[in-house]
Every structure is written in structure tokens, then in C-alpha cells.
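> Sending over a structure as C-alpha cells; questions will come in a sec.
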């Protein structure tokens, strides 16, 4: 693995800059199986230069998230209230006939940017992301869709140094059981996300502010 560097419009992120994102967020009381899986992985991640996103408590999701899309046409500070309302309304309209579904996350895998839980089966999640992208395109145009998150996944933690992913994957495979957990997807969240370079950590840390919640099939 290598140090993770977030990007905006194809360039390294400017520390403390903010941009709107649409995420699925695991929820305590609903996705406890998944939160427990993330907590089981945490002691292993602590042995590597990885900043875990889980809170270290199965009752708290911390910063665990499934990225659906980033609104990349402009930082969030350049949106006015009318533009933000237009995005939220477009998302609600587009997702009003998308049914809720349950999928699975796992197994935990070390990669170039830290560690992730892949989503599988992924067909419903991919279809949801396509509808979210359609809503963003209607509200903000193609310019807002500049990033690809790759295969749907939940990031367990982001790397701030260099280490062997092979060794990490061996530990995850040998020590983490069960290796998959359910994820209930019945809503998405529009969030104002910031990445800040933490000098003490020597890596990037995420924070966010909630903006709106969109229930599926409503």
C-alpha cells in the first residue's frame, strides 16, 4: 500500500477544501453485523499505517461509508442555497421509485489505499449509483461527474504510509471471521465532505457535515 491522497477534479485535494458527496452510511441498530466486522478488523489495521474509519465501537459507525458520487464541478463553498436545493430535489425525485435493498460487504481486503470491504452482490448498488449520477447530471450537468469510485466498496481505513498489502491480507484472512456482513440500503445522504492533512498523523483525514437525507422509494 501507498499513502492515500484524495483528489478533486483530477488534482490532489487542497487541505480543508470541501465538496458535496452522496454516501450510503451504515447505521447502528440496522447494520450492527457490518459494524462488528469493521471493529474486528480494527486491531489488525492498527498494526499498519492505516487510519481506521470505524469508531472502534460496534454501536457507532464512525466515518464508515459507501461512496456513491462526488459533485465535482465546484467546491461546496461555491454552491448557493438555490443550487444546493436543486441538487437535493433532483436526488429525491430520481430516487422516489428506487426500492430499498439488502446487499453484503466483505471480505476485508488490503489495497493500495488502505483496506476495504467490497460490496457484493453489486447490481442493485450499481443501479442506485447510476440513478444518483442521473440526478446530479440533471441538476449540475456532466461537469459535476468527474470521478470514478471504481467497484462499490466501504473503506475500512486510509493509508498514510507504505506497507505490504500481502501481509495485511494474510492477517485479515486468518483472523477475521465471519468475513461478510449485510448492509441495508434504504436511504442515501448528501454530505458536505472535507479532507484535511493531519501533520501529526502524516496523512489525510475526512470529516463531514450532513446536508440532506433521501429515502429510497418515497
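The values are calculated or read from the model by the stated rules, or taken from the named source; none is laboratory data. Just so we're clear, the structure is a prediction, and the values are computed from it rather than from any experiment. Positions of Cβ are backbone-derived with ideal geometry, glycine not excepted, and every protein chain shown enters the neighbour counts.
> For the stretch 168-196, which positions are in a helix (DSSP H, G or I) and touching a residue at least 60 places away in the same chain (Cβ under 8 Å)?
Passing the criteria: 168, 169, 171, 172, 173, 175.
> Hey, residue 54 hits all of (1) surrounded by fewer than 23 Cβ atoms within 10 Å (Cβ to Cβ); (2) modelled with pLDDT under 95 but one; which does it fall short on?
(1)
> Taking the stretch 18-39 as the search range and keeping residues that are touching a helix residue (DSSP H, G or I) at 6+ places or on another chain (Cβ under 8 Å) and assigned to a loop (DSSP other than H, G, I, E, B), which one is nearest to residue 188 (Cα to Cα)?
Taking the candidates together, the pick is 26.
> Is it the case that the stretch 51-68 has a residue that's touching a strand residue (DSSP E or B) at 6+ places or on another chain (Cβ under 6 Å), more than 21 Å from residue 205 (Cα to Cα), touching a residue at least 40 places away in the same chain (Cβ under 8 Å) and in a strand (DSSP E or B)?
The answer is no, given that none of the residues of the stretch 51-68 is touching a strand residue (DSSP E or B) at 6+ places or on another chain (Cβ under 6 Å), more than 21 Å from residue 205 (Cα to Cα), touching a residue at least 40 places away in the same chain (Cβ under 8 Å) and in a strand (DSSP E or B).
> It is to be established whether one or more residues within the stretch 72-90 are part of a helix (DSSP H, G or I) and under 22 Å from residue 172 (Cβ atoms).
no
> With the requirement that a residue be within 30 Å of residue 95 (Cα to Cα), part of a loop (DSSP other than H, G, I, E, B) and in contact with a strand residue (DSSP E or B) (Cβ under 7 Å, 6 or more places away or on another chain), what does the stretch 2-17 give you?
Just the residues of the stretch 2-17 that are within 30 Å of residue 95 (Cα to Cα), to begin with: 6-10, 13, 17.
Right, trim to part of a loop (DSSP other than H, G, I, E, B) and you get 6, 9-10, 13, 17.
Hits for the stretch 2-17 are 6, 13, 17.
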